[in-house]
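These notes concern the structure reproduced below.
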Amino acid sequence: MSHQSHQVDEETPLLQPEEQHKIKTPLPWRQLSIILFLQLTEPVTAQAIAPFAPQLIRDVGVIHGDESRVGYFVGIMYSVFYVAQALTTLQWNRISDHIGRKPVILIGLSGISASMFLFGLSKTFGGLILSRALCGALNGNSGVIKSMMIDVTDSSNMAQAFGFLPLPWMTGNMLG
C-alpha cells in the first residue's frame, strides 16, 4: 500500500488547485471586434422587419380584410426565419470546418443581403415567406462565429471573450 501525504475525505476538494498559475493572454481586440460586428447582422436581420410587418401583411392581401389574422401571419413570417436557421446552422458549421470560416461568413453575409433585398421586393405572402426562409437558412453564422472566437482565443481568455457575445445581440435587437 502506498502512503498518501494527506487524508482524502468528504471535505477534500474534487478539483485540486493548479500548481502554477497560468498567465492570462490579453484579448485580441481587433479580431474580437470584427467577430462581434459580424454577429450583429443576425439580430438586425431578424428584427429589421418588425416596425412594418403588420402593415405589410395587410398590404399583400393574405388576410382578406380579417384584421384578427394579422398577428397569425406575422408570426408565421417570423417563425420561418428561425426554423430555417435552426435547420441549417449545423450544416454551415460543418462546411466551415472544410472550406474555412471566412468563406462561410462571406457566403452568409452575401445571402442575407440578397434575401433582405428580395424581401423588400416581395409583393405576395409566398415571396415574403421564401425570402425570410432564405435569410434564416443563410444566417447560420452564429455557430461559425463562435468557432471563430475559439480560434482567436486560448483557455486563459476564452471565457472573457464569450462574455462579450451577448453585446451584439442586445445592440442588434435594439437597432433592428
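Below is a table of values for the structure above.
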{"item": "Conditions (1) closer than 17 Å to L134 by Cβ; (2) open to solvent by less than 30 Å² (accessible area, probe 1.4 Å); number of the one not met by W92", "result": "(2)"}
{"item": "Residue in region 98-106 that is surrounded by fewer than 19 Cβ atoms within 10 Å (Cβ to Cβ), modelled with pLDDT under 95 and in contact with a Leu (Cβ under 7 Å, 6 or more places away or on another chain) present", "result": "no"}
{"item": "Listing of helices (runs of 4 or more DSSP H) fully contained in region 26-137 that carry 1 or more residues being free of Cβ contacts under 8 Å to residues at least 60 places away in the same chain and under 27 Å from M148 (Cβ atoms)", "result": "29-39, 70-99, 101-121, 125-137"}
{"item": "Extreme residue, surrounded by the most Cβ atoms within 10 Å (Cβ to Cβ), among residues of region 140-176 that are touching a Ser or Thr at 6+ places or on another chain (Cβ under 6 Å) and not charged (D, E, K, R)", "result": "G140"}
{"item": "Condition check for Y82: more than 24 Å from L138 (Cβ to Cβ) and open to solvent by 30 Å² or more (accessible area, probe 1.4 Å)", "result": "no"}
{"item": "Test result for S110, open to solvent by 30 Å² or more (accessible area, probe 1.4 Å), under 25 Å from I34 (Cα atoms) and of a type outside the set (A, V, I, L, M)", "result": "yes"}
{"item": "Residue in region 42-50 that is among the aliphatic types (A, V, I, L, M) and over 22 Å from the mean Cα position of the chain (by Cα) present", "result": "no"}
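The values are calculated or read from the model by the stated rules, or taken from the named source; none is laboratory data. None of the values given here were measured: they were computed from a predicted structure. Note that we place each Cβ from the backbone using ideal geometry, even for glycine, and neighbour counts take in every protein chain shown. Keep in mind that these areas ignore ligands, DNA and RNA; they rest on the heavy atoms of the full protein, side chains included. Shrake-Rupley method; radii C 1.70, N 1.55, O 1.52, S 1.80 Å.
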